[in-house]
Amino acid sequence: MTLIDDARAVRENAHAPYSNFKVGAAVQTASGAVYVGCNVENVAYPEGTCAEAGAIAAMCAAGEREIVAVAVIADSPQPVTPCGGCRQKLAEFAKGDAVVTMATTDGLTEVTSVGQLLPGQFDADYMVRT
Ligand code: THU
């Protein structure tokens with residue numbers, strides 16, 4: 001079972017009646033554990049919550065904080081890429097070299113890293129005046 005398989009399975013549970021665009025995501029932590037999430041939309045905020053954010057929330061709820069690999073999958077013409085907000089959320093919990101695998105349900109995949117997705121990221125160092 002790959003991380004993409006986990007993301008593919010949880011995608012089935014996505015609640016996306018407004019966009020009709022189901023997304024599944026999985027994150028693996030330094031302990032080896034895997035946490036999954038799907039996008040969840042609602043009528044007041046039809047853009048909803050991204051699959052990646054759901055996986056991150058599940059990870060945090062389990063008391064974990066260190067992502068080493070990410071997978072995301074959708075029924076898209078090209079491998080789906082995390083939105084800007086999710087890139088920042090992933091960067092909060094991952095080093096730049098954490099592997100991000102992006103996939104289509106048809107089997108196309110692309111591999112990148114958290115650092116490549118968010119170059120020049122804002123981090124806590126900017127808040128320290130020396
Ligand atoms: N979406 C995700 O869940 N992850 C992404 O990386 C891109 C977009 C969701 C949010 C919304 O429910 C739908 O896809 C359309 O934007």
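The values are calculated or read from the model by the stated rules, or taken from the named source; none is laboratory data. Quantities reported herein were computed from a predicted structural model and do not represent experimental measurements. We place every Cβ from the backbone using ideal geometry, glycine too, and count neighbours over all the protein chains shown. Keep in mind that these areas ignore ligands, DNA and RNA; they rest on the heavy atoms of the full protein, side chains included. Shrake-Rupley method; radii C 1.70, N 1.55, O 1.52, S 1.80 Å.
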Residue count, region 71-90, condition open to solvent by 60 Å² or more (accessible area, probe 1.4 Å) and basic (K, R), comes to 1
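Looking only at region 92-107, count how many residues are assigned to a loop (DSSP other than H, G, I, E, B) and within 15 Å of the ligand (Cβ to nearest atom).
Of all residues in region 92-107, those assigned to a loop (DSSP other than H, G, I, E, B) come to 105-107.
Pick out the ones that are also within 15 Å of the ligand (Cβ to nearest atom) and you get 105.
The number of residues fulfilling the criteria is 1.
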For region 44-66, pairs from a residue that is on the phi > 0 side of the Ramachandran plot to a residue that is not in a loop (DSSP other than H, G, I, E, B), with Cβ under 9 Å and 6 or more apart or across chains, are G48/H15; G48/V40
So, first residue touching a residue at least 40 places away in the same chain (Cβ under 8 Å) and of a type in the set (V, I, T) in region 4-21, second residue open to solvent by less than 30 Å² (accessible area, probe 1.4 Å) and near the ligand (Cβ under 9 Å from one of its atoms), Cβ within less than 7 Å, six or more apart or across chains; the pairs are V10/G24; V10/G37; V10/C38
For region 80-91, pairs from a residue that is within 18 Å of R65 (Cβ to Cβ) and within 10 Å of the ligand (Cβ to nearest atom) to a residue that is open to solvent by 50 Å² or more (accessible area, probe 1.4 Å) and at pLDDT below 95, with Cβ under 9 Å and 6 or more apart or across chains, are R87/Q121
Within region 60-70, the residues that are aliphatic (A, V, I, L, M) and either loosely packed, with under 12 Cβ neighbours inside 10 Å or within 13 Å of the ligand (Cβ to nearest atom) (or both) are A61, V70
Checked region 1-28 for anything of a type in the set (S, T, N, Q) and in contact with a helix residue (DSSP H, G or I) (Cβ under 8 Å, 6 or more places away or on another chain); matches are Q28
Within region 102-126, residues in contact (Cβ under 8 Å) with a residue 40 or more places away in the chain, closer than 25 Å to E12 by Cβ and surrounded by 16 or more Cβ atoms within 10 Å (Cβ to Cβ) come out as A103
Within region 1-59, the residues that are away from the ligand (no atom under 12 Å from the Cβ), in a strand (DSSP E or B) and open to solvent by less than 10 Å² (accessible area, probe 1.4 Å) are A26, V27, T29
